[in-house]
1. Using the Karplus curve 6.51 cos²θ - 1.76 cosθ + 1.60 with θ = phi - 60°, what ³J(HN,Hα) values do you get for each residue of the stretch 25-39, in whole Hz, with x for Gly and Pro?
2. What list of ³J(HN,Hα) couplings, whole Hz, do you get for the stretch 226-233 from phi and the Karplus terms 6.51, -1.76, 1.60, once you set θ to phi - 60° and write x for glycine and proline?
3. Count neighbours as other Cβ atoms within 10 Å of each site's Cβ, and list the GluC sites (Glu not before Pro) in the stretch 1-102 that are DSSP loop with at most 14 such neighbours.
4. On full extension of the chain, what length is gained from residue 234 through residue 61, given 0.36 nm per residue of separation minus the C-alpha to C-alpha distance?
5. So I have (i) 1.02; (ii) 0.94; (iii) 0.98, and one of them is Rg/Rh (Cα atoms, Kirkwood Rh) calculated from this model. Which one is it?
6. Cut-off under 29 Å on the C-alpha distance; same-chain residues fewer than 8 positions from residue 170 excluded. Which lysines are left, in chain and number order?
7. Could you list 153, 213, 15, 148 in order of exposure, starting from the residue whose Cβ has the fewest other Cβ atoms within 10 Å?
8. Wrap a convex hull around the Cα atoms of the stretch 1-84, take a quarter of its surface area, and give that in square nanometres.
Amino acid sequence: MNVKNATVLITGGSSGIGKATAKLFVEQGAQVVITGRNKEKLDTVAHEIGATPLHFDISDLKAIPAKAKETLEILGGKIDVLINNAGIGNFPVLGEISEEDLMQVYTTNVFGLALLTQEFLPTFKTQQAGTIINIGSTAALKGFARGSVYAASKFAVRGMTQSWQAELRKDNIRVCLVNPSEVTTAFNAEDRAEREEAAKKLGGEDIAHTILSVVEMRDKGFIPEVTVWATNPF
């Protein structure tokens, strides 16, 4: 699809991969709404990159219908691209996993992602067009020590993505899972401050480029899943 003048929602758009993706899409002429939990940071970033801020914590499940409606109002009643980027991680070892760990991660990474996407489904189906990008992780492909909670949530996102692909192809709705590997962002930083890009790790711009490439593919085809590795992170 042609990204110029496309309407785009990016969750978790005030930092990291979300911010880099929003910036790139705006530069390509898209109308972009970004969400974030920290209103001050969200407003600052939106002003900086030319996006529209929508203060929203996706883990607030009850707020999702109203926020989706507000998004559509901002975007003029249509949505071409939904990028489900918001995500968090807890990394307890087995034996120390709490209910709170599970609920906190799953509410954002799985429940909120699914319920928000569902709100836009009638619009996508009416349009008979649209692209949904779910941000997974290489943790969606293989578990790791201390990954019981986080990796399981990303495996769930991968399973949902594949299910949506099976359900939505007949409506010309493209669904893709993007799996970043080692990316230097504010992810899992307690102060949510952006880290400086490490020499051997990917930056948010690398994943943003991948997402843009997926979206810009001609509408007659789609990429179901793509994984982006750092060449030599060691």
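Quick note: the coordinates plus some simple rules give every number you see, no bench work behind them. The shown structure was predicted, so the numbers you read here are calculated from the model rather than taken from an experiment. Note: ideal-geometry Cβ built from the backbone for every residue, glycine included; neighbour counts use all protein chains shown.
1. 5, 4, 4, 8, x, 7, 9, 10, 10, 10, 10, x, 7, 9, 4
2. Running phi through 6.51 cos²θ - 1.76 cosθ + 1.60 with θ = phi - 60° gives 9, 10, 10, 9, 5, 4, 8, x Hz.
3. Within the stretch 1-102, the qualifying GluC sites (Glu not before Pro) (loop, at most 14 other Cβ atoms within 10 Å) are 96.
4. Taking 0.36 nm per residue and subtracting the Cα distance, the gain is 58.4 nm.
5. Entry (ii).
6. 4, 67, 69, 78, 125, 154, 220
7. 213, 148, 15, 153
8. Average of the hull's projected areas for the stretch 1-84 equals 4.9 nm².
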